[in-house]
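What follows is one structure encoded as structure tokens, with my remarks underneath.
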Amino acid sequence: MINYKTCYNTVADHIEHHYGMPVSISDVMDPNTGDFDGVSIKVDYDLDIDLAFYILLHLFGHSVQWNLSEEFRILGQDQTIPKPPEVMARVHDYERDATRFALQLCRDAKVGPIAEIDRWVSDWFHADYAFLERFYTTGERLDPKSLLQPGVGELLTPLVIPNFKAQRWTSRWSF
């Protein structure tokens, strides 16, 4: 069984010490669950610990992407609705790979049980992407927990985290 609080604390400590990126639990502009700017990660204080852990992992993955690629920063900041199918295909890969970096982060931080975490993180990716797909094509916000289908989607594999230098970028919600 996953101890989400222990995993959250271990991963947050690893991000802060290994990558020099502060992690905080704070108020994040509604209806968002977290925010990042390339050098720090904020997780909303009003989340259940399991969702807070997923948000931390996923936003770390996006932080890696933003520090590696201007294309990913532009894609992540684009709030245009509706998005055409060709953009949604790029969004899918962007979201999937952020989650794959998160899986590698779990290994690097030595949290476990790893097989259970892999399944759980993969399940959350599928729910999160279903939410984004609906939101980016119609503007409708569904409850991501209602989209969670444990064990149904593809099991994602880790993606090695490349070396990167953390740089501050404009936060997604600063516009």
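The values are calculated or read from the model by the stated rules, or taken from the named source; none is laboratory data. All values derive from a computational prediction rather than experimental measurement. Note: ideal-geometry Cβ built from the backbone for every residue, glycine included; neighbour counts use all protein chains shown. Please note that ligands, DNA and RNA were not included when accessible areas were found on the heavy atoms of the full protein model with its side chains. Shrake-Rupley method; radii C 1.70, N 1.55, O 1.52, S 1.80 Å.
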- Task: Just give me the residues in segment 76-89 being closer than 15 Å to HIS126 by Cα and surrounded by 15 or more Cβ atoms within 10 Å (Cβ to Cβ), in sequence order.
- Result: MET88
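Hey, could you check segment 115-146 for residues that are aliphatic (A, V, I, L, M) and in contact with a helix residue (DSSP H, G or I) (Cβ under 7 Å, 6 or more places away or on another chain) and say which is nearest to ALA102 (Cα to Cα)? It would help to see each step written out before you state the result.
Of the residues in segment 115-146, the ones aliphatic (A, V, I, L, M) are 115, 117, 121, 127, 130, 132, 142.
Of the ones still in play, those that are also in contact with a helix residue (DSSP H, G or I) (Cβ under 7 Å, 6 or more places away or on another chain) are 117, 121, 127, 130, 132, 142.
Values: ILE117: 10, VAL121: 8, ALA127: 16, ALA130: 18, LEU132: 18, LEU142: 23 Å.
That would be VAL121.
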- Query: For segment 8-18, how many residues meet the condition of being buried (at least 21 other Cβ atoms within 10 Å of the Cβ), closer than 14 Å to ASP108 by Cβ and of a type outside the set (Gly, Ala, Ser)?
  - Reply: 2
- Task: Confirm whether ALA115 is among the aliphatic types (A, V, I, L, M) and surrounded by 15 or more Cβ atoms within 10 Å (Cβ to Cβ).
- Result: no
- Item | Unique match (being open to solvent by less than 60 Å² (accessible area, probe 1.4 Å), touching a residue at least 60 places away in the same chain (Cβ under 8 Å) and either under 21 Å from GLY139 (Cα atoms) or out of contact with any Asp or Glu (no Cβ under 9 Å at 6 or more places or on another chain) (or both)) among ARG100, ARG73 | ARG73
- Message: Consider segment 26-70. How many of its residues are modelled with pLDDT of 95 or more, in a loop (DSSP other than H, G, I, E, B) and open to solvent by less than 10 Å² (accessible area, probe 1.4 Å)?
- Response: 0
- Item | Residues that are within 13 Å of the chain's Cα centre (by Cα) and either among the hydroxyl-bearing types (Ser, Thr, Tyr) or part of a loop (DSSP other than H, G, I, E, B) (or both), drawn from segment 119-171 | SER122, TYR129
- Considering only segment 125-143, state which residues are open to solvent by less than 60 Å² (accessible area, probe 1.4 Å) and either acidic (Asp, Glu) or within 16 Å of GLN104 (Cβ to Cβ) (or both). PHE125, ASP128
- Message: Looking at segment 144-151, can you tell me whether even one residue there is of a type in the set (S, T, N, Q) and either in contact (Cβ under 8 Å) with a residue 40 or more places away in the chain or closer than 25 Å to LEU68 by Cβ (or both)?
- Response: no
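Does segment 132-175 hold any residues that are of a type outside the set (Lys, Arg) and in contact with a strand residue (DSSP E or B) (Cβ under 8 Å, 6 or more places away or on another chain), and which are they?
From segment 132-175, those of a type outside the set (Lys, Arg) are 132-133, 135-140, 142-144, 146-164, 166-167, 169-171, 173-175; that's our starting set.
Within segment 132-175, SER171, TRP173 meet the criteria.
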- Query: So, in segment 92-118, of the ones that are within 13 Å of the chain's Cα centre (by Cα) and among the aliphatic types (A, V, I, L, M), which residue ends up nearest to LEU156 (Cα to Cα)?
  - Reply: LEU103
